[in-house]
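The values are calculated or read from the model by the stated rules, or taken from the named source; none is laboratory data. What you are looking at is a predicted structure, and each value in this text was computed from that prediction instead of being measured. Cβ coordinates were reconstructed from backbone atoms using ideal geometry, including for glycine residues, and neighbour counts include every protein chain displayed.
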Amino acid sequence: MGNFNTKDKVYNILGEKNIVYVKTDEDSLAPKFNSKRFVPFLSHEAFHYYMQQNWTDLTFRGMSYSDSEIALLDEEYKILDKIKDEVEKETSDKDLLDSHLKEYVSIMKKRKENTDKEKLKAELAEETIEGTAQYVGIKSAKSVDYDLGILYFTNTNKVKFSEIVPTMKQGKVDQSIIGSHIVYDSGALLCFAMDKLDFLDWQQTLIENNNNSIYTINDLIEDHYNQSK
């Protein structure tokens, strides 16, 4: 049956309809820093199943960017590091975090002007779908005192966004990491940033605007700053 059921796979068990399942074993209860740990994994997949039935699926997997497009992505990642540093403080400087999010909006406008539109659309859509689910998974991990956060890998929790592109250039990883991992964390980070800044009803806004259409985390943040001008 696979490791989990997607929103298109409906199972009815013992009279109960629309059952979500995940397959687990002892390994999923043992490792550190792992998003496949049982509680965050279940929460992540359940969020997909129960909350994103009508969200439009797009994926960046199988796509790649040119050198100039990657250079702009690297600029975004450097800003995400600044956002991450502030978000992870127990008491964030909200004015500074707000300034960093405005920097993020600025670099994203530049990326939109200089990046293949279909590829960027897929990246931002996947960032929204997977990032929100990752956000839910991380929150559930914290509720059971399991150490899971932004850019956690099974061997380290010290990775920075600004290290991703240099590591790709060194040939240690390829661009597939963007869709398989990084968009999960960039999306979750932006969700936590909106929490820190008390964005009004941002979660409900995403749910309402993704009813058979694409409304991304990036759209939401841009709209927030456009309305506050």
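Observations on the structure shown:
- The single condition among (1) over 16 Å from residue 190 (Cβ atoms); (2) surrounded by 19 or more Cβ atoms within 10 Å (Cβ to Cβ) that residue 79 does not satisfy is (1).
- Qualifying residue in region 71-83 (condition: touching a Gly at 6+ places or on another chain (Cβ under 8 Å) and part of a helix (DSSP H, G or I)): no
Table: residues versus (1) under 23 Å from the mean Cα position of the chain (by Cα); (2) part of a helix (DSSP H, G or I); (3) basic (Lys, Arg).
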| residue | (1), (2), (3) |
| --- | --- |
| 6 | yes, no, no |
| 27 | no, yes, no |
| 42 | yes, yes, no |
| 50 | yes, yes, no |
| 56 | yes, no, no |
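- Residue list for region 176-191, restricted to those being crowded, with 19+ Cβ neighbours inside 10 Å and either among the small types (Gly, Ala, Ser) or over 10 Å from the mean Cα position of the chain (by Cα) (or both): 178, 179, 186, 187, 188
- Taking the numbered list (1) of a type in the set (D, E, K, R); (2) surrounded by 14 or more Cβ atoms within 10 Å (Cβ to Cβ); (3) modelled with pLDDT of 95 or more in turn, residue 94 passes all entries but (2).
- First in region 98-112 and under 15 Å from residue 220 (Cα atoms), second anywhere and part of a helix (DSSP H, G or I) and among the hydroxyl-bearing types (Ser, Thr, Tyr), Cβ under 6 Å, 6 or more apart: 105/225
- A single entry from 35, 43, 66 fulfils the requirement of being within 24 Å of residue 193 (Cα to Cα), of a type in the set (S, T, N, Q) and modelled with pLDDT of 95 or more: 43.
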